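The values are calculated or read from the model by the stated rules, or taken from the named source; none is laboratory data. Only a predicted model underlies this, so the values are computations on that prediction, with no experimental measurement involved. Counting neighbours? That spans all protein chains shown, and the Cβs are built from the backbone with ideal geometry, glycine included. Areas reflect the complete protein model, heavy atoms only, side chains present, ligands, DNA and RNA absent. Shrake-Rupley method; radii C 1.70, N 1.55, O 1.52, S 1.80 Å.
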Amino acid sequence: MLAAEYDTRGPRAGELRVAEVETPEPGPGEVLVRVRVSGVNPTDFKSRDRLDGSSPWDTVTPDQDGAGEVEAVGEGVDPARLGERVWTFHSQWQRRRGSAAQYLALPAEQAVRLPDGVALDQGAGLGIPYITAHRLLHADGPLDGLSVLVQGGAGAVGHAAIELARFGGARVAATVSGPEKGELASAAGAELVVNYREQDVVQAVRSWAPDGVHRIAEVDLARNLATDAAVVAPGGVIAGYVETGEPVLPTGALMAKNAIVRLVLVYTTPAEAQQAAVAEITRALEAGALQPLPVHRFALADIAAAHDAVREGAVGKVLVDIP
């Protein structure tokens, strides 16, 4: 099969190329997915940047998210799944081959049925962003009737957080850095959109939620903790999902509110939390509550450019078409 890959050691470590590699076989409890679209996330280029020679594999195929059809099933998997349209998550987590390949073998529960009418393109953008967003929002209980602030509401995780918070019954405010991103956040369902480059976030959010916001999905803890502490409600939660430096806790403000600062890494969240996220994402898809971001398409041969587009902050979702 054709697959993107990179060396994990040596002078060209991390450099992407396309090569012919052995097609995998599904093991017990696994499915083989014929990948049609691979979704690129920041974690994919960061994994290449952080190579330290400790990988158990000399070469790795990147990308955690994808979509396609079940081509074969391993022992113990219902044969009725053959031909099923699926989206995949954690495709390359602790595995050699990710979704930037024509075929992907992975545990059956990590290939999730895609509801009728939902395009493969949208499926390829679900895994990392939506499972992360679900954990940020739901780790501390239901959302119905609460207020949520999404810091960075036009990114993939921020967009997902707005949609899932609204689907969970919350009111949502979001911060963005410009008008184009503001339109994306509004379209996703944000009731209040604040351009943090032009507006006072604390003033705008406190006017919208005078008693404070109950949950904050945070893209930059190191920069925004003081703001978050000023707008979080008593007993509220600030949940960060990106490593952006060493944050300094405003302990007085947070202690006064008995607030919680939570850190989230999607890969190591409890299995039951991941399955709860998958179930909620499926319900939201079936209800038509999730809409895709604008798409930037790349051929498999141009996967290095696709990773660069994510690195450079492309607004929307970067997808790689698998031939």
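Here is how the numbers come out for the structure above:
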| read-out | value |
| --- | --- |
| Helix-only CD estimate at 222 nm, as mean residue ellipticity for the chain, using -39500 (n - 2.57) per DSSP H run (n ≥ 4) | -8500 deg cm²/dmol |
| Cα-based Rg / Dmax (Å) for region 68-210 | 18.4, 58 |
| Per residue accessible area of the chain, 1.4 Å probe, in Å² | 43 Å² |
| Overall form of region 145-234 per C-alpha gyration tensor (a/c, 1.5; a/b vs b/c) | rounded |
| Mean Cα-pair separation over length for region 14-142, i.e. relative contact order, pairs under 8 Å, 6 or more apart, % | 31 percent |
| Computed log₁₀ I(q)/I(0) - Debye formula, equal Cα scatterers, no solvent, region 18-105, q 0.13, 0.15, 0.21, 0.23 Å⁻¹ | -0.42, -0.55, -1.00, -1.14 |
| Cα shape, region 251-323, gyration tensor, a/c 1.5 rule | prolate |
| Percent accessible area from carbon and sulfur atoms, region 208-315, protein chains only, probe 1.4 Å | 56 percent |
| Where only C-alpha atoms are counted, convex hull volume of region 84-153 per residue in Å³ | 151 Å³ |
| Sites Asp200 and Ala226 - FRET efficiency at Förster radius 22 Å, r taken between beta-carbons, to 0.05 | 0.95 |
| P(r), alpha carbons of region 184-274 - 5 Å bins starting at zero, rounded % | 3, 13, 20, 23, 21, 13, 6, 1, 0 |
| The chain: relative contact order as a whole-number percent, Cα under 8 Å and 6+ apart | 18 percent |
| Computed over region 231-323: relative contact order in percent, which uses C-alpha pairs under 8 Å that are six or more apart | 22 percent |
| Region 1-108, accessible surface, carbon-and-sulfur percent (1.4 angstrom probe) | 47 percent |
| Percentage of interatomic Cα-Cα distances in the chain larger than 24 Å | 53 percent |
